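Engineer: Sharing a structure with you now.
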Amino acid sequence: MAQDSGAPEATDKWFDRASPTYRCVVDPTHQISSLFGWVSVPSAAWIDEDGRIVRSNEGTYPAPTTIRFGLGKVRVGDSAFARATRDWIERGADSEHVWSHEQLAERLKPVDDDTRLAEATFKLALHFETVGDSEGAWRHFTAAERLAPDNWNYLRQGWTHKGTLYASLKVLKRTNYLRKNSDKSYYDPMGLPGENHHRYTEPEWLWTPAVRRIKQLLRR
């Protein structure tokens, strides 16, 4: 499932490239994240045969992934969630990675007045974007960012309103700031064996290997 206010025009190329054998959905209003309480992507929930959510995480990559942008790239993700998912598929409720109802409730992000106001403000931004009011959309995107500065879905969608390149640079700038000035990471830890929850690493530019080599020579 893709969450993007650009709807199919923004996501079809990814679906086509993946050639999926299952149904894919585009969620232009981020309704799924609203229902599950997710603040970033990729995210996933395990839902058992009885329709119960038995685990819900963000940063759920199937494997280490390299994302390229212009002259740079960044490596994200690990295989911890994929290994845990296979264990759950094989062992079902006996998997050590299944959460109880109480454990799930403990891990849900709290909802306060600012969170509710941010949600409404973000949905207004999406409405203004849909009707072609760019100024109104940007005003509400920035307001939602102030109200919920840790909601990466709001941040990334709002920044994308000014273009993909602008959004990419803003993400890199913010993650770099967090890495250097706080103990926060791009994704919350999942608590899985072999996990590297600092999965959004420092970007590598086209010239990074040459610069790294020069620094090594200077240190010698």
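Engineer: I'm trying to understand the selection: among the residues of the stretch 61-95, which are modelled with pLDDT of 90 or more and either touching a Gly at 6+ places or on another chain (Cβ under 6 Å) or basic (K, R) (or both)?
Structural biologist: Within the stretch 61-95, Y61, A80, R83, R86, R91 meet the criteria.
Engineer: Also: Please state which of the following conditions P62 fails to meet, knowing it meets all the rest: (1) touching a residue at least 40 places away in the same chain (Cβ under 8 Å); (2) touching a Pro at 6+ places or on another chain (Cβ under 9 Å); (3) in a loop (DSSP other than H, G, I, E, B).
Structural biologist: Result: P62 passes all but (1).
Engineer: Still on this structure, please answer the following. Of the residues D78, D4, D114, which is within 16 Å of W152 (Cα to Cα), in a loop (DSSP other than H, G, I, E, B) and touching a residue at least 12 places away in the same chain (Cβ under 8 Å)?
Structural biologist: D4
Engineer: Only one of (1) under 30 Å from R83 (Cβ atoms); (2) assigned to a loop (DSSP other than H, G, I, E, B) is not met by L155, so which one is it?
Structural biologist: Unmet for L155, out of (1) under 30 Å from R83 (Cβ atoms); (2) assigned to a loop (DSSP other than H, G, I, E, B): (2).
Engineer: Considering each residue of the stretch 25-49, count those that are loosely packed, with under 13 Cβ neighbours inside 10 Å, under 19 Å from the mean Cα position of the chain (by Cα) and part of a loop (DSSP other than H, G, I, E, B), and give that number.
Structural biologist: First, pick out the residues of the stretch 25-49 that are loosely packed, with under 13 Cβ neighbours inside 10 Å: 25, 31, 35, 47, 49.
From what's left, under 19 Å from the mean Cα position of the chain (by Cα): 25, 31, 35.
Within this subset, residues satisfying the condition of being part of a loop (DSSP other than H, G, I, E, B) are 25.
The number of residues fulfilling the criteria is 1.
Engineer: The conditions are (1) in contact with a strand residue (DSSP E or B) (Cβ under 6 Å, 6 or more places away or on another chain); (2) under 29 Å from T164 (Cβ atoms); (3) surrounded by fewer than 17 Cβ atoms within 10 Å (Cβ to Cβ), and A82 fails exactly one of them. Which is it?
Structural biologist: The one condition A82 does not meet is (1).
Engineer: Every residue in the stretch 81-111 that is among the aromatic types (F, W, Y) and not in a helix (DSSP H, G or I), please.
Structural biologist: W99
Engineer: Working carefully through the options D183, D150, find the one that is of a type in the set (D, E) and touching a residue at least 24 places away in the same chain (Cβ under 8 Å). So that I can check it myself, show each step before the final result.
Structural biologist: Values: D183 fails: touching a residue at least 24 places away in the same chain (Cβ under 8 Å).
From the options D183, D150, the qualifying one is D150.
Engineer: Still on this structure, I have one more. Among (1) at pLDDT 95 or above; (2) of a type outside the set (S, T, N, Q); (3) surrounded by fewer than 17 Cβ atoms within 10 Å (Cβ to Cβ); (4) in contact with a helix residue (DSSP H, G or I) (Cβ under 7 Å, 6 or more places away or on another chain), there is one condition V98 misses while meeting the rest; what is its number?
Structural biologist: Going through the list (1) at pLDDT 95 or above; (2) of a type outside the set (S, T, N, Q); (3) surrounded by fewer than 17 Cβ atoms within 10 Å (Cβ to Cβ); (4) in contact with a helix residue (DSSP H, G or I) (Cβ under 7 Å, 6 or more places away or on another chain), V98 breaks only (3).
Engineer: Additional query: Give just the number: which of (1) part of a loop (DSSP other than H, G, I, E, B); (2) in contact (Cβ under 8 Å) with a residue 12 or more places away in the chain; (3) surrounded by 12 or more Cβ atoms within 10 Å (Cβ to Cβ) does K170 not satisfy?
Structural biologist: K170 satisfies every listed condition except (1).
The values are calculated or read from the model by the stated rules, or taken from the named source; none is laboratory data. Please read these numbers as outputs of a predicted model, since none were measured by experiment. Here the Cβ is made from the backbone with ideal geometry for all residues, glycine too, and neighbour counts use every protein chain on show.
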